[in-house]
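Below is one structure, written out as structure tokens; comments come after it.
What follows draws every value from the coordinates through simple rules; no lab data is involved. Only a predicted model underlies this, so the values are computations on that prediction, with no experimental measurement involved. Heads up, the Cβs are rebuilt from the backbone with ideal geometry, glycines too, and the neighbour counts pull from every protein chain shown.
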Amino acid sequence: MEIYELFIEEDSEFSGVEAISIVEEPAIESDFIALKSHKIEMAEINAEKRILMGPALIPNKKIYRRDEQDGEYYIFFSEDTVRKASQLFLSRGNQNNSTLEHEYNLKGMSVVESWIVEDEKKDKSALYNLNMSKGTWMVSVKVNNEEVWEEFVKTGKVKGFSIEGYFSDNAQRPKEQVEEELCQDCFEELQAEYALLEAVALLEEVELESYGGYPDSASNNAKLGIKRNKELGNKCATQVGKVRAQQLARKEKFTVPTLKRIYSYLSRAEAYYDPAKPEACGTISYLLWGGKSMKNWVESKLKGLDELDG
């Protein structure tokens with residue numbers, strides 16, 4: 001089975017980790033722990049710190065993936081890429097970018113600690129029995145969002161971190177030893193229930209400015225994707241893809257973090273789009289997210305916003 005290394009294109013403004021998501025099934029198969037404060041002497045403080053600690057990326061760990069075009073394969077991140085990803089995440093000021101299940105922006109969550117494990121036995125993570133391998137990118141996230149803490153963390157609905165961003169890939173065997181554990185990539189196989197989507201909609205970052213005005217062709221692509229998918233029994237998309245198509249069909253506006261995720265998805269899914277195969281799931285899924293016209297519009301919009309910010 002092929003093994004693909006994912007790496008960062010340092011000359012690309014989109015390459016790297018844009019946000020950290022709290023998820024039910026972390027792709028790297030390692031849960032976080034919730035830290036609580038101890039009683040501080042000479043002070044009447046015994047409240048929860050509400051800090052989550054866990055790995056964001058583990059180097060050289062094979063992650064199982066499957067898609068229509070390439071079938072089954074593995075991806076992994078080298079130790080060097082993990083370190084670069086952690087550095088770019090901080091230098092670009094992405095500490096407050098958090099999502100729930102890679103879909104809904106969350107406010108009141110910030111990465112307050114970020115480090116690379118240098119010594120497995122002496123690292124801070126060992127104090128909490130996490131036992132992370134050398135080169136792992138660890139993060140501690142402060143949760144000031146009451147709803148997130150009560151409804152998702154304390155109830156165990158989310159169990160770990162999962163990065164989101166854009167990486168390039170290269171089919172090759174790893175030079176370093178790769179662990180044998182397998183895991184299911186939660187992003188590609190995400191099948192969120194409507195009830196969950198409705199619940200977390202209340203947590204969406206509503207304070208961020210939203211942007212619309214994308215071409216009618218993008219909206220029409222989504223409508224076509226909805227129609228074709230329905231004809232095939234709605235088998236060609238995750239729940240998130242179906243919801244995204246409905247948003248596009250209604251010409252809803254999107255925040256900048258969502259636009260970045262749309263661009264990231266369409267950039268990866270473009271390889272599976274084939275107009276000569278209108279009933280192929282790769283083609284339908286690409287249309288559900290707005291297709292080529294949406295990708296082009298989002299790219300130009302993001303570049304324009306970067307120029308304005310400068």
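Projected label points at W115 and E252, each 7 Å from Cα along the beta carbon direction, are separated by 4.1 nanometres.
3J(HN,Hα) along the stretch 275-290: x, 6, 10, x, 9, 6, 5, x, 5, 5, 4, 4, 5, 4, 8, x Hz, from the Karplus curve 6.51 cos²θ - 1.76 cosθ + 1.60 with θ = phi - 60°, whole Hz, x for Gly and Pro. At each listed q (0.13, 0.19 Å⁻¹), what is the log10 of I(q)/I(0) that the Debye formula gives for the stretch 209-309 modelled as equal alpha-carbon point scatterers? Debye output, listed in q order: -0.40, -0.83. Would you mind pulling out the separation of the Cα centroids of the stretch 221-251 and the stretch 280-298, in Å? About 10 Å separates the Cα centre of the stretch 221-251 from the one of the stretch 280-298. Modelled this way, with points 7 Å down the Cα-to-C-beta line, the labels at K292 and E151 are 4.1 nm from one another. Cross-linked pairs K122/K154; K121/K159; K154/K301; K62/K223; K49/K303; K159/K292: Cα-Cα separations exceed 31 Å for K154/K301; K62/K223; K49/K303; K159/K292. Computed on the stretch 209-309, with alpha-carbon pairs under 8 angstrom and 6+ residues apart, the relative contact order is 42 percent. With neighbours defined as other Cβ atoms within 10 Å of a residue's Cβ, the residues S300, S98, S86, S267 order from fewest to most as S300, S267, S86, S98. Placing unit charges on the Cβ atoms only, positive for Lys and Arg and negative for Asp and Glu, gives the stretch 233-310 a dipole magnitude near 280 debye about its Cα centre.
Footprinting exposure proxy ranking of K157, K61, K227, fewest other C-beta atoms within 10 angstrom first, gives K227, K157, K61. Amide H to amide H distances under 5 Å link E18 with E164, G165, Y166, where only residues 5 or more positions off or on other chains count and H is placed in the peptide plane.
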